[in-house]
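These notes concern the structure reproduced below.
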Amino acid sequence: NFVSYASGAVRLSALSQHHVIWVATHDSIGLGEDGPTHQPIETAIHLRAIPNLHFWRPADGNETSAAYLVALQANKTPSVISLSRQTLPNLENSTVEHAARGGYVLHDVEGENLNIVSTGSEVQIAVAAAEILAKEGVKTRIVSLPCWEVFDAQTREYQLEVFRSGAPYLSLEAYSTVGWQKYSHEQYGLAAWGASGPYDKVYEKFGLTGPNIAAVGKKVVDFYQKKGGEVISPILHAI
C-alpha cells in the first residue's frame, strides 16, 4: 500500500519513459494484523490506470521471474512488481514463458461451464475452487492474468484464445473490483476496507476461500444457464 507515497515518482517515470523497476511488497489483505491502514484495496487499479506502466501481480515464483524478465526488457516502460507477504505455492502449468505474455490459461478443460480469472495470491484460491467444482460436475477453466498491460499488447488471436467465448468469466482478486469488467462478466473482490486479524481469518471473513468461491461460481453458472443465449468473451467489443 505504501507505494502510494511514491505515486508521483511512479507516474513521472511512466510519463518520462524511464526504465525503472518498482518492487511493492505486502500487497493485499494478507497483511492480516497490520489492518486496513496497511492493506491496499484501491492501489492496484490506480497503478493499472497509469499509461505506460506495467503493474505485475504474480501468483508464484515462475510468474515473478516472468515479471522481472519483461521488466528488464521494457526499456521505455517502468514496472511495478506487487508481491505478497504470505507464502505461495508454485502452480501447476505456470511457466516463465506463459506468464511473460501477461496472461495465460493456467488450467484448461473442454466444454467449460465457468472461467475464473485471477491474479496474485488469489490464483491458488481459484484453483481450490475449481477442484471443488469439478467434483460437483462443474467444469472450470482458470486464467492467470498477472499483468493487464502486457496481455493487452499481445495479438488479438492470442487474447481470444485465452478469453474464448462459451462460458461466463468470474474475476477474483482481493482488491476493489473496479476495472475487472474488461475481463469478466462477474466480479468478486472487496467493496470496502480490509480488517485486522490473522491473514487466513481475514480472507475467510471476506469470502476469499476455495469453498466460497466455488459457491459463488455455481451461482454464476446457474444465472447464465437460466439467462440462456451464447456467452460472448468479455473482451469482445465494438471499439
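The values are calculated or read from the model by the stated rules, or taken from the named source; none is laboratory data. Everything numeric here is computed off the predicted structure, so don't read it as measured data. Because the Cβ atoms are built from the backbone with ideal geometry, glycine has one as well, and the counts that use them run over all protein chains shown. Quick note on the areas: whole protein, heavy atoms, side chains included, nothing else; ligands and nucleic acids left out. Shrake-Rupley method; radii C 1.70, N 1.55, O 1.52, S 1.80 Å.
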Next on the checklist: If each residue of separation counts as 0.36 nm, what is the full-extension length gain between LEU12 and GLU230 once their alpha-carbon separation is subtracted?
Outcome noted: 74.1 nm
Checklist outcome for this item: Stretched fully, the stretch from ILE21 through ALA134 gains (0.36 nm per residue minus C-alpha distance, one decimal, in nm) 36.7 nm
Item to check | Most fluctuating residue given options VAL109, VAL96, VAL123, as computed from a GNM of the chain linking Cα atoms under 10 Å | outcome: VAL109
Checklist outcome for this item: Honestly the chain on the Cα gyration tensor test (a ≥ b ≥ c root eigenvalues; a/c under 1.5 rounded, otherwise a/b vs b/c for prolate or oblate) is just oblate
Item to check | Spin-label zone in the range 156-191 - amide nitrogen under 16 Å from a point set 7 Å from the Cα of VAL109 along the C-beta vector | outcome: 164, 166-171
Checklist outcome for this item: Taking a ≥ b ≥ c as the square roots of the eigenvalues of the Cα gyration tensor, with a/c under 1.5 meaning rounded and otherwise prolate when a/b exceeds b/c and oblate if not, the range 136-239 is oblate
Checklist entry - When all protein chains stay in place, what accessible area (Å², nearest 10, 1.4 Å probe) is found for LYS201? => result 120
Item to check | Antiparallel %, DSSP beta bridges [both residues in the range 59-186], to 5 | outcome: 25
Next on the checklist: Rounded, prolate or oblate for the range 200-239? Axes are the square roots of the Cα gyration tensor eigenvalues, ordered a ≥ b ≥ c, and the cut-off for rounded is a/c under 1.5.
Outcome noted: oblate
Checklist outcome for this item: Looking only at lysines whose Cα falls under 25 Å of LYS201's and that sit 8 or more positions away or on another chain, we get LYS218, LYS219
Checklist outcome for this item: Rounded to the nearest 10 degrees, the helix 210-227 long axis (Cα) sits at an angle to the longest Cα principal axis of the chain of 60
Checklist outcome for this item: Rounded to the nearest 0.05, FRET efficiency between SER65 and ASP152 (Cβ-Cβ, R0 22 Å) equals 0.55
Checklist outcome for this item: Percent antiparallel among DSSP beta bridges confined to the chain, rounded to 5, stands at 15
Checklist outcome for this item: In a Gaussian network model of the chain with springs linking alpha carbons closer than 10 Å, the residue among THR209, THR119, THR87 that fluctuates most is THR87
Checklist entry - Points 7 angstrom from Cα along the Cβ direction at ARG164 and ASN75: gap in nanometres? => result 3.7
Item to check | Calculated log₁₀ intensity ratio I(q)/I(0) where the Debye formula runs over C-alpha points of the range 164-224, q = 0.14, 0.19, 0.29 Å⁻¹ | outcome: -0.43, -0.74, -1.27
Checklist entry - How much accessible surface does TYR68 have with a 1.4 Å probe, in Å² rounded to 10? => result 90
Checklist entry - At a Förster radius of 22 Å, what calculated FRET efficiency corresponds to the Cβ-Cβ distance of HIS237 and ALA49, to the nearest 0.05? => result 0.75
Checklist entry - If one computes the Cα centroid of the range 170-199 and of the range 37-94, what distance in Å separates the two points? => result 16
Checklist entry - What number, in percent, do you get for the relative contact order of the range 84-217 if the mean sequence gap of Cα pairs under 8 Å and at least 6 apart is divided by its residue count? => result 27
